[in-house]
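Before any comments, here is the structure.
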Amino acid sequence: MNFVIYYSLMEKQKKPGLFKHKEIKGMFDGPIVPLLFRLAMPILAGMVLQLAYNITDTYWIGKIDKSDPSFIGGTGMIFPIFFFTMALANGIQIGVSSLVARAIGEKNEKILGKTTESGLAIAIFFGILFLSLGYIYDEKIISLLGASKDYMTHALEYFRIILYFIPLIFISSVFHGMLQGEGRMKYIMHAMLLSTLLNIALDPVFIFTLKLKVQGAALATVISHSIGIVYVLSVFLRKKTSIHVKWKLKNIDWHTIGKISSIGFTQAASMIIMSVSFMLINRIVISIDKLAMTAYSIAGRIDQVAFMPIIAFSSAVLTMVGQNAARGKFERARKIWNKGMLASGSIVLFMATIMVIFARTIYSEFSNMDIVINYAVTQTRIVVYTYIFAAIGIMGRSVFLAIGHPMPSLIMAILRMLILNVPSILILVYVFDLKMYGVWFGMIVGNLTSAVISYLWVRSWFVKLKTGEMKVIKT
């Protein structure tokens, strides 16, 4: 009899249902706003540092020859390609993060034990695929973006080095997703801090001291961000998180890969749609004026200031809504969504005001051509406040991803970019001949309309979750 009792107890200890994960304090009860900020601020701080790198990188590239816009314009033209890569990487990260968050909410230890290796299998496959395609078709890819002459030369110089960093981007996305889903955002911030400071230090050395110019900027990026990825790996190797990676091939599980992919590839598709839309908009802009393309590239990087709080809070919302909704706390999840919109919108408003006030001073550091500066200043003053509406749309997409329903997120991306933004821009530019004003007003149409639809859609889903008409997807 004693043996039977002992055996029964041992079997219970082996069951994956016995949850051993240490939960984030305040995740399921207590004040929402403090935890929302505690999760979002490390991401925001890391993104501020990343922006510092982007600005510094653009600044030093511009210093190669301030009278030649092709250095900044050429490197800026590969942004859609980089965005395309980041789309898939972000998809993997969101897929992993959503699965981890829901598994924690459900107290599903079994899924947590298989997520890392399964995610890495996806990441390695796409890393090798992208590296191979980029190596073989580099010139064709760049020419499709409308680059020619000096713009083509500098774009290729930059791309051919950044290309070898792509597999590491995919791999890091898995570990970032694990940390985000658990709510351990501080380690992501530490990695971004390390890589950004190194990049800022290495840029002038590689660009000017070693006289590598655009290639030097790319090489500095690859080296510094590779070191940041090594740091993230060390977090798991040193077992600094509650989710311990076993590093075993047998943990690669097709069911888990499918769960990650169902969220990740839909999210990636959303971002790829955005990438394709940016490519189309780039071609429209460069057809208007090549100098407008240079200004559009500069303003696009500075506009990240307004987008940073949106992305940071959407990451926190995904984690908190995912864990709470999976545990059946739908009203708390709804409040998290509301407070996420208010918090990110308030910070965007503040940052946008600063950008509008100092726009001319900022852009004068990147070009000495009045027409380029005027284009960039006008874009910022017209468009930047509408990013408040973009925040509403992005928070809504995070909610759908958090509860395991990615299709509404994809539909909203298609609506905003392909149905609203691009057609509006085409009509305003080529039918009404508004030139760059048509591009800017078209962006506003997409941001405003998609925000209204997103808000109403998410609100209706929370009602259906409470009544049982809709369910959170199980892990």
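Going residue by residue through segment 314-328, is there one that turns out to be surrounded by fewer than 21 Cβ atoms within 10 Å (Cβ to Cβ) and closer than 15 Å to Gly404 by Cα? The answer is yes, given that some residue of segment 314-328 is surrounded by fewer than 21 Cβ atoms within 10 Å (Cβ to Cβ) and closer than 15 Å to Gly404 by Cα. Checked against (1) in contact (Cβ under 8 Å) with a residue 40 or more places away in the chain; (2) aliphatic (A, V, I, L, M); (3) within 30 Å of His405 (Cβ to Cβ), Leu342 passes all but condition (1). Here the condition is being buried (at least 24 other Cβ atoms within 10 Å of the Cβ) and either small (Gly, Ala, Ser) or touching a Cys at 6+ places or on another chain (Cβ under 6 Å) (or both); of Gly396, Gly404, Gly438, it holds for Gly396 alone. From the list Val214, Val205, Val235, the lone residue that is crowded, with 22+ Cβ neighbours inside 10 Å, assigned to a helix (DSSP H, G or I) and β-branched (Val, Ile, Thr) is Val214.
Counting residues in segment 25-42 that are assigned to a loop (DSSP other than H, G, I, E, B), at pLDDT below 75 and surrounded by 10 or more Cβ atoms within 10 Å (Cβ to Cβ) gives zero. Listed by first and then second residue, the pairs with beta-carbon distance under 9 Å, at least 6 apart or on different chains, first residue in segment 34-55 and within 13 Å of Met189 (Cβ to Cβ), second surrounded by fewer than 19 Cβ atoms within 10 Å (Cβ to Cβ) and of a type in the set (S, T, N, Q), are Met47/Gln304; Gln50/Gln304.
Can you find a residue in segment 298-308 that is surrounded by fewer than 21 Cβ atoms within 10 Å (Cβ to Cβ), among the basic types (Lys, Arg), over 19 Å from Val458 (Cα atoms) and free of Cβ contacts under 8 Å to residues at least 40 places away in the same chain? No, segment 298-308 contains no residue that is surrounded by fewer than 21 Cβ atoms within 10 Å (Cβ to Cβ), among the basic types (Lys, Arg), over 19 Å from Val458 (Cα atoms) and free of Cβ contacts under 8 Å to residues at least 40 places away in the same chain.
When the residues of segment 356-370 are filtered to those that are hydrophobic (A, V, I, L, M, F, W, C) and surrounded by fewer than 20 Cβ atoms within 10 Å (Cβ to Cβ), which remaining residue is farthest from Val305 (Cα to Cα)? Lay out the reasoning, then the answer.
Filtering segment 356-370 down to residues hydrophobic (A, V, I, L, M, F, W, C) leaves 356-359, 362, 366, 369.
Of the ones still in play, those that are also surrounded by fewer than 20 Cβ atoms within 10 Å (Cβ to Cβ) are 356-358, 369.
Numbers: Val356: 12, Ile357: 14, Phe358: 13, Met369: 23 Å.
In this case the residue turns out to be Met369.
The residue list Ile252, Ile243, Ile263, Ile257 contains one member that is β-branched (Val, Ile, Thr), surrounded by fewer than 18 Cβ atoms within 10 Å (Cβ to Cβ) and under 28 Å from Leu179 (Cα atoms), which is Ile252.
Among the listed residues Val452, Val472, identify the single one that is of a type outside the set (Gly, Ala, Ser) and assigned to a helix (DSSP H, G or I).
Details: Val472 fails: assigned to a helix (DSSP H, G or I).
Step by step, each of Val452, Val472 is checked, and only Val452 is of a type outside the set (Gly, Ala, Ser) and assigned to a helix (DSSP H, G or I).
When Phe350, Phe307 are checked against the criterion of being at pLDDT 85 or above, assigned to a helix (DSSP H, G or I) and aromatic (Phe, Trp, Tyr), Phe350 stands alone in meeting it. Among residues of segment 106-137 being polar (S, T, N, Q) and in contact with a Ser or Thr (Cβ under 9 Å, 6 or more places away or on another chain), the one that is modelled with the highest pLDDT is Ser118.
The values are calculated or read from the model by the stated rules, or taken from the named source; none is laboratory data. Keep in mind that this is a model prediction, so the values were computed, not measured. Cβ sites come from the backbone with ideal geometry, for glycine too, and all protein chains shown count toward neighbours.
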